[in-house]
Amino acid sequence: MTPEQFFTHLWQDYIAIAPAAARLHARVAARGERIVNDHVAFRSFDLDPIGLAQLEPHLLALGYRRFEPYVFEDKGLRAWGYVHPGGHPRIFLSELETRRFSRDLQNLVAGLCRQVPAAAVADPSIFWAGRPWAPVSHATWQALRDESEYAAWVAALGLRANHFTISVNALTTFADLPALLDFVEAEGFVLNTAGGRIKGSPEVLLEQAATLADRVPVAFAGGEVHDIPTCYYEFARRYPRPDGELYEGFVAASADRIFESTDTRAIDPTRGGQTS
Ligand code: NI
């Protein structure tokens with residue numbers, strides 16, 4: 001498996017559940033841009049066999065190395081950033097710290113993780129194979145969402161690429177991130193405005209923004225089908241450090257708000273408390 005093959009699989013899986021991302025990619029490419037992916041991010045649970053430590057060997061086998069750990073206290077998450085010496089996209093691998101949530105959530109997530117065959121995790125296709133457990137009920141998804149939007153997302157969709165990211169640095173027809181965002185909005189895509197349209201700043205060496213997650217019909221237990229938020233497209237502009245090298249990390253305060261691109265309740269108060 002080469003990194004190129006790895007990302008081809010991820011992209012196909014990503015646009016299958018977030019077709020809006022493929023449309024946006026095509027609109028930007030139509031301007032003559034050669035789109036460079038800054039990073040992808042995965043979401044998982046901290047339980048056997050899909051904890052961060054068990055998934056990491058696949059990334060190391062692709063030539064990635066650990067860069068920095070990140071902690072998201074409010075959301076009960078921890079993550080590692082990975083970089084590749086060959087210049088392949090960065091990877092952000094996060095997991096929910098289940099022990100920080102209710103006993104109900106812990107039991108439910110443990111029940112999902114017990115369904116994952118060890119053989120499935122022995123292959124890198126675990127990152128694009130979809131949900132590796134039986135579908136949860138829509139009521140369970142809602143109950144999870146009340147505690148952790150992240151938990152509900154992983155339960156419904158599995159551990160898979162949550163977003164790709166257009167590198168603003170590599171664009172040639174946009175002067176800066178605001179110019180790209182103006183184009184994205186003019187093309188009819190809705191941005192995540194939690195924490196402002198742009199998260200971060202040149203001072204922290206990283207500016208980020210994201211669309212709101214696409215919504216597609218997902219099958220729940222009992223054959224019920226509901227539209228739920230799936231994946232979003234992110235945009236990132238990196239700035240050089242004092243030594244002249246481009247900043248390689250992530251900014252936790254910004255990522256914290258970017259996570260909310262899949263949380264329609266956090267962004268659109270008219271949906272708050274909606275139960276169907
Ligand atoms: Ni990201």
Regarding L24, is this residue farther than 21 Å from L157 by Cα and open to solvent by less than 10 Å² (accessible area, probe 1.4 Å)? yes
Apart from one, (1) within 16 Å of the chain's Cα centre (by Cα); (2) part of a strand (DSSP E or B); (3) among the β-branched types (V, I, T) all hold for V154; the odd one out is (2)
Out of L77, L144, I need the residue that is within 27 Å of L191 (Cα to Cα), within 16 Å of the ligand (Cβ to nearest atom) and either in contact (Cβ under 8 Å) with a residue 24 or more places away in the chain or surrounded by 22 or more Cβ atoms within 10 Å (Cβ to Cβ) (or both). Which one? L77
Would you check if D74 is within 18 Å of the chain's Cα centre (by Cα) and of a type in the set (D, E, K, R)? yes
For region 27-46, indicate whether the set of residues that are open to solvent by 60 Å² or more (accessible area, probe 1.4 Å), in contact (Cβ under 8 Å) with a residue 40 or more places away in the chain and in contact with a Lys or Arg (Cβ under 6 Å, 6 or more places away or on another chain) is non-empty. no
Do we have R131 as basic (K, R) and within 15 Å of the ligand (Cβ to nearest atom) here? no
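The values are calculated or read from the model by the stated rules, or taken from the named source; none is laboratory data. Please read all numbers here as calculations on a predicted model, not as lab measurements. Every residue, glycine among them, receives a Cβ derived from its backbone with ideal geometry; neighbour counts consider all protein chains shown. Each accessible area value is taken on the protein alone, full model and side chains, heavy atoms only, with ligands, DNA and RNA left out. Shrake-Rupley method; radii C 1.70, N 1.55, O 1.52, S 1.80 Å.
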